[in-house]
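Enquirer: So that we are looking at the same thing, I have put the structure below in structure tokens.
Any read-out appearing in this document is the output of simple, stated calculations on the displayed coordinates, not a laboratory observation. As the structure is a prediction and not an experimental result, all values here were calculated from the model. When we count neighbours, we look across all protein chains shown, and the Cβ atoms used for this are built from the backbone with ideal geometry, even at glycine.
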Amino acid sequence: MVTRWMSALWAATLLVGCAGADGGTQGSGTGAPSPVASVGAPAPGDSAALSAAERDGLAFTREEEKLARDVYAALRAHDRSFDNIAQSEQTHMDAVGTLLTRYSLPDPVAGKGPGVFADPALQALHDTLVQRGTPSLVDALTVGVEIEELDIHDIDEAGKGVSHPDIVETYANLTRGSRNHLRTFYSKLRAAGGTYTPKHIDEATFRAIVESPAERGR
């Protein structure tokens, strides 16, 4: 988890200054969220079955999905895709929340309103991204691309060493949704005259995602 926290803190300090996902077809901006499945459920309360890395990964992912939701809600005036994808991020949050409940783990977002986080690095990142994305449509879409790129990286890190089928399946669904979100934001960014250089995943992986068709699911 240190790797992801360092990624978030790195982004928070260095970002000062710089489809399918929003409805079923790339760049459409319409549609309603669909559930993200969790499979292979063990008996409730079986938190001892998880490694420390798995527990930490679920807690971090729950907050990082909240970060995406809250930033997009703050930027929704720029384009309707922000509102649609914010709804999808809520679905992602709910999927991870189901796992936290299933394994009797504490919820790091419990009692925290929009824009409030337990993790100081995520708090700083949220505040920076909202500030960066507010001035213009291009700024907002650039923030959207970066959030989804970071999510893909961090969920991949969280999934390393995970053996429980329900967590593996949930992370796979979240990553697919993030790829779709990335396609949507990047397509809209290009249409608005913006450019983007990947920061958290390699160029080849980034190009393979944004140049491929939208995947089924959110």
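Enquirer: Of the residues Ala140, Ala118, Ala172, Ala192, which single one is surrounded by fewer than 20 Cβ atoms within 10 Å (Cβ to Cβ) and touching a Leu at 6+ places or on another chain (Cβ under 9 Å)?
Expert: Sole residue among the options that is surrounded by fewer than 20 Cβ atoms within 10 Å (Cβ to Cβ) and touching a Leu at 6+ places or on another chain (Cβ under 9 Å): Ala192.
Enquirer: Considering Val96, Val109, which residue is out of contact with any strand residue (DSSP E or B) (no Cβ under 8 Å at 6 or more places or on another chain), assigned to a loop (DSSP other than H, G, I, E, B) and buried (at least 19 other Cβ atoms within 10 Å of the Cβ)?
Expert: Val109
Enquirer: Taking Ser178, is it small (Gly, Ala, Ser) and surrounded by 18 or more Cβ atoms within 10 Å (Cβ to Cβ)?
Expert: Answer is yes for this residue.
Enquirer: On the basis of being more than 30 Å from Ser51 (Cβ to Cβ) and buried (at least 17 other Cβ atoms within 10 Å of the Cβ), does Val162 make the cut?
Expert: On the way: more than 30 Å from Ser51 (Cβ to Cβ): no; buried (at least 17 other Cβ atoms within 10 Å of the Cβ): yes.
So Val162 does not fit the description; no.
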